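The values are calculated or read from the model by the stated rules, or taken from the named source; none is laboratory data. Quantities reported herein were computed from a predicted structural model and do not represent experimental measurements. Here the Cβ positions follow ideal geometry from the backbone for every residue, glycine too, while neighbour counts run over all protein chains shown. Just so you know, the surface numbers come from the protein's heavy atoms only, side chains and all, with ligands and any DNA or RNA stripped out. Shrake-Rupley method; radii C 1.70, N 1.55, O 1.52, S 1.80 Å.
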Amino acid sequence: MDEAAAAEAVQLIDGEGEFAADSAERFMAAAGVAGCGLSYAVVSIMGPQSSGKSTLLNQLFGTNFREMDAFRGRSQTTKGIWIARCVGVEPCTVVMDLEGTDGRERGEDDTAFEKQSSLFALAISDIVLINMWCHDIGREQAANKPLLKTVFQVMMRLFSPRKTTLLFVIRDKTRTPLEHLEPVLREDIQKIWNSVAKPEAHKDTPISEFFNVQVTALPSFEEKEEQFREQVQQLRQRFSNSIAPGGLAGDRRGVVPASGFLFSSQQIWKVIRENKDLDLPAHKEWMELESDVQSGPVPGFGKKLGYIVDVHMQEYDKEAIYFDEAVRTAKRQLLKSRVLNLVQPAFQKMLAHLRTRALEKYKTELNLTLESGKGFAAAVRDTTESNLNEFDQGCADAVIEQADWDYSKILEKVRRDVEDHTLSIREGKLSELTNHAKEKLRKALVEPVESLFDAAGPSTWASIRNLFKRETEAILPEFQKNLAGFEMESATSEGMVSKLRDYARSIVENKAKEEAGKVLIHMKERLAKSSIIRSPYRSISRTSDKVACHCQDSIPRVWTGKEDVRAIAKDARSAALKLLSVLAAIRWDEKPDKIEKILTSTLLDGSVTPKSKGASASSDPLASTTWEEVSPKYTLITPSQCKSLWKQFKAETEFAITQAVSTQQAHKRGNGRLPPPWAMVAIAVLGFNEIMTLLRNPIYLFLLFVGYLLVKALAVQLDINREFQNGVVPGIISVTAKLIPTLQNILNKVATEQQQQQGHHQDAAAEAPQQQQQPQPQPPPLLLSPRSPMSELRRPLHMPFSPVRKAVSPSPSSSSSTVTSPRNAGEDQKPRQMVQPDNESNNAYSIV
């Protein structure tokens, strides 16, 4: 074999796509390929135009492909597909140089040959070199990405699976390490593979089943020629024994013998040329239509798609006119079926857009119709009919004449979508109407019912029934009128009205249960209105010696000796018992009951316990858990609970009543301190001589007055009344023990006061010239009474009048003499007030 003749390149396919069978046969004979059997490998290279493909093959395999002359400019060098045999590499290796892609000579529209040649190379080659620039890595249009996407998809349909090695050669490598470039490139290849629409049989097949992807890099040939040649020789070693197990060629399934290689290649090229999937200009309209339908509905979709199908079917009819009619018809049906299967996803996408648009339009029109005031049922009926008709018309326009596609299922789905949305809106509207009616009922019943329970009386439940009837008759008919627009069945409408009426009843019942839970507090309020006790919700004011409870009219009431406290307490308890009877049960009917009568006769007039130990439980009408003629579900407070509440009520209020009686008695005693008139007359007649003696000798009268004041001061300091509250004997013992210390304390304070007064007089004498210019306020007249404090007696005698008086504070002596009675824990609530002398005047309990 002549190696120079074998390395000479021969054109296999010319630039017009014609297979050069004669020159190819001469090459096979001269290169000795036909006699190699299965021991041969096919290597091809593809890549952008003027990227140095021919130069790489010549340097790598010692071939003689035509190279571009850089001094004449960048232009197309290789046209079509050229073939040569590698020199010095075993086994026999056939090399194919493909026309570069993206060439300006063919233009943008005529890319069919590029894709056909690339598919041909993938179909017959064991190793395919992908020549690419280093700076193109990561770019969308680099490394023939669109080209690879197309040939990946078409190859799986045309040929049986065969594993081909894709060796990506990165040209003009920069300083970026290969280990950083390779992952990016492999990721891009995987993305292309994932985006390819695969047949059902290969839907989940990984790219490793079809291709063995490898990556290498070479420096610039022009700038680093020596380094380039060295690394090319290293790459050349990888092609030695390439068809051996684990070699670069990889999978050898489906390899034809070398003698049949030329014939096999010619048949594969014929199939590729006749396959319309690679004829992009003929499919441009279909691709645009498919792209447009992805983003939304396409007007006239059916007509456009039908036209495209007709064009392809007519093209088939022209090509197959000379074939047997039976075969031609069968193949035509098969082609039509495949074409329809190809375009049906776009049709389904169109229907999905129509479905979405119909539902959105229905929602919008329904809202506008309801806002205009139209009835719900009528609005739904009109809007549904118009939108379904529009959707049906849109589906009819999307169907093509060549297919009998049925869109009834999608129409039924749209109908269900409309019904689901209608049901959702209907439930929302009904819920809104119901909630509005409930809110009106709540506002109309809650506060009035609470007010009626607050003023509970014999006619409380009758008033509640009238209120309930009046408000429900005003609100429920309006609610039922609003339901008429929904055109629902009468039973459904009446059921909703009935539920709303039950809700109104529940408002009243819940309020009654709430008030029943606070019945004890309300009963105490009834007693507080009579001023017997202090109300939990009313204040109590305390005067110096009287207790004033605020009545319901907020006017303080002072107990005197004229009121019958027991009668007032009985009336108040009777009012509390009536309140208890009102809250004991819910009374929706007008049928009378005996609850108030039983409570009054048992608790108010009688006793809450049997009169004798041997009395049976049946003699007590309250020894039960139900009321006669009252349903258990309407019972709020059972008879036994009423009995317990009454016991607790009496226990908690009895002390207040006793306190009111004590207050009244204390008031009587306070107003009866003077002797009777007859005693005063007797004293004046029998003590006439003594009185005249005092009048003739004023010194006696003065000494008597001073003694009275001293005794009064001692009584105030010792708190005589409080000491004798515990009894006469304990009072005498306590007063005797405190008498001498208290007298000493008073005398000491008098002496201290005299010294302070002398200092005050000296200061006043020094300031007298300045004060002569100012008028001195006149002291008020001295008004003495048995209740006057000692400071009031001393003030006009020892110091000038001051219009500002100091605050009253307790003295140590008085606080030490106070003893709390252990027998009367509530004595602090009696009408008593003791005025203590202040710091200035507590030293003047004696005027001496």
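Here are the numbers:
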read-out	value
Residues with amide H under 5 Å from that of Ile170, placed H, sequence gap 5 or more	Thr216, Ala217, Leu218
Peptides 483-493, 292-302, 577-587 ordered by average Cβ neighbours within 10 Å, highest first	577-587, 292-302, 483-493
Backbone HN-Hα couplings from phi across the range 206-218 [Karplus 6.51/-1.76/1.60, Hz, Gly and Pro as x]	x, 5, 5, 6, 10, 9, 9, 8, 9, 9, 9, 9, 10
Förster-model FRET efficiency, 30 Å R0, Asn341 and Asn194, C-beta, rounded to 0.05	0.85
Diffusion coefficient, µm² s⁻¹, Stokes-Einstein with Kirkwood Rh over alpha-carbon pairs of the range 430-517 at 20 °C and 1.002 mPa s	156
Under 22 Å from the Cα of Lys413 - lysines, other chains or at least 8 residues apart	Lys349, Lys361, Lys363
FRET E, pair Ala326, Ser259, Förster distance 45 Å, beta-carbon r, rounded to 0.05	0.80
With eigenvalues of the C-alpha gyration tensor scaled by 5 and rooted, the range 337-380, Å	37, 8, 4
Under the Karplus curve 6.51 cos²θ - 1.76 cosθ + 1.60, θ = phi - 60°, whole-Hz ³J(HN,Hα) for the range 288-304, x wherever Gly or Pro sits	5, 5, 5, 5, 5, 6, 5, 9, x, x, 10, x, x, 4, x, 5, 5
Charged-residue dipole, Cβ positions (Lys, Arg, Asp, Glu), the range 283-405 about Cα centre, Debye nearest 20	260
Cα-based Kirkwood hydrodynamic radius, the range 678-744, one decimal, Å	14.4
Globularity ratio of the range 283-405, using Cα Rg and 2.2 N^0.38 Å	1.46
Cα Rg, Dmax, the range 173-261, angstrom units	17.4, 50
Accessible surface, the range 430-517, averaged per residue in Å² (probe 1.4 Å)	55
Protein accessible area in the range 325-426, 1.4 Å probe - carbon and sulfur %	49
Heavy-atom accessible surface of the range 678-744: percent carbon and sulfur, 1.4 Å	79
Inter-centroid distance (Cα atoms) of the range 693-739 relative to the range 350-393, Å	105
Cross-link pairs beyond the 26 Å C-alpha cut-off, checked among Lys594/Lys647; Lys191/Lys409; Lys443/Lys594; Lys513/Lys650; Lys481/Lys513; Lys469/Lys511	Lys191/Lys409; Lys443/Lys594; Lys481/Lys513
Most to least accessible of Cys134, Cys36 (protein chains only, probe 1.4 Å)	Cys36, Cys134
In Hz, Karplus ³J(HN,Hα) per residue of the range 592-602 (6.51, -1.76, 1.60; θ = phi - 60°; x = Gly, Pro)	x, 10, 10, 5, 5, 5, 5, 5, 5, 5, 8
Isotropically averaged projected area of the range 22-68, using the convex hull of Cα atoms (one quarter of hull area), nm²	4.3
FRET efficiency, 1/(1 + (r/R0)^6) with R0 30 Å, evaluated for Ser451 and Asp589 via beta carbons	0.85
